[in-house]
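Single-structure report; data block below.
No value in this document is a laboratory result; all are computed from the given coordinates. Given the structure is predicted, the values throughout are model-derived calculations rather than measurements. Note that we place each Cβ from the backbone using ideal geometry, even for glycine, and neighbour counts take in every protein chain shown.
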């Protein structure tokens, strides 16, 4: 399959930036639609990337965008809000639009533990999204679909480890809900590589791949790792199930919603996979080695050099 031009939905986000970069480095032309072009200005430096203002939830707009491309990658996902609309209905619309416009390739990003009978609305909606995409593909054999289910994704600009790094710089102790929840973090560049390489690999057609890193951590271990990199002395106090739900209920009323009760329900399932990172996409990177290279740089004496580097000086 010859892929020269890709429509990247959700391309202005954290994972999308890495996918766009890797596509561009391969000489593939990429269109990134966004409601506000300003949100994707960081992609404008990539030579083959075009950022356009568009409402992709509008069926006619989406159809006009899709028909100009050889493949579609859908990364759109949320942690709070209308899960059904974003995770179930929209993937169905994308798949149906690919089928009607005769675009033969679709990459769909879901989530580890996605299941219509999952413990949270997030996981249930992810499960329905996968089912909807596969139903459309079954009815349209010319549409080749691959689904990816990443665990929590880390990287220099993530909103997971960086959020905790910011918290430990401010607070002397951290009351941590769901401290024993398990994760298998995967590097954003490994996730992007898997998606980009799968575009033309026929053996990936019709497959679903969990994407995980090489190690399993509890949430408390992840926070303690972040603390060790900041050079701070901080106490982590793990909360039980009841207090975790109470903490989440309180945070739901605060700006930013650091965590919700639905998030806690999602974390009741280990966010891990017995199936390792797919060998056809290479090997997954060790979290400690990757995170240490940038988080230590942003702390203490290394912060000045970090700022100079990103200012191009």
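Here the chain was treated as a single set of alpha-carbon atoms; its pair distances binned every 10 Å from 0 give 6, 25, 34, 24, 9, 1 percent. Within the chain, antiparallel bridges make up roughly 5 percent of the DSSP beta bridges whose residues both belong there. Stretching the chain fully between residue 182 and residue 293 yields a gain of 37.6 nm (0.36 nm per residue, less the alpha carbon separation).
When only Cα pairs below 8 angstrom with a gap of at least 6 residues are kept, the chain shows a relative contact order of 16 percent.
Place a point 7 Å from the Cα of residue 68 along the Cα-to-Cβ direction; which residues of the range 2-21 have their backbone N under 12 Å from it? Within reach of a label on residue 68: 6-8. Length gained on full extension, residue 38 to residue 4: 9.7 nm, using 0.36 nm per residue less the C-alpha separation.
Divided by 2.2 N^0.38 Å, where N counts the residues, the Cα radius of gyration of the range 166-297 comes to 1.23.
Once the C-beta distance of residue 216 and residue 78 is scaled by a Förster radius of 25 Å, the resulting FRET efficiency is 0.45 to the nearest 0.05. Measuring how big the range 43-114 is from its alpha-carbon positions, Rg and Dmax come out at 13.1, 36 Å. Only alpha carbons enter this Debye calculation for the range 117-168, each as an equal point scatterer, and the log10 of I(q)/I(0) it gives at q = 0.26 Å⁻¹ is -0.97. Across the range 13-167, the relative contact order, built from alpha-carbon pairs under 8 Å that are at least six residues apart, equals 18 percent. With the simple spin-label model, which puts each label point 7 Å out from Cα in the Cβ direction, the residue 45 to residue 280 separation comes to 3.4 nm. Compactness of the range 1-126 was expressed as the Cα radius of gyration divided by 2.2 N^0.38 Å, which yields 1.04. A simple spin-label model places pseudo-atoms 7 Å from Cα toward Cβ; at residue 60 and residue 228 they are separated by 5.8 nm.
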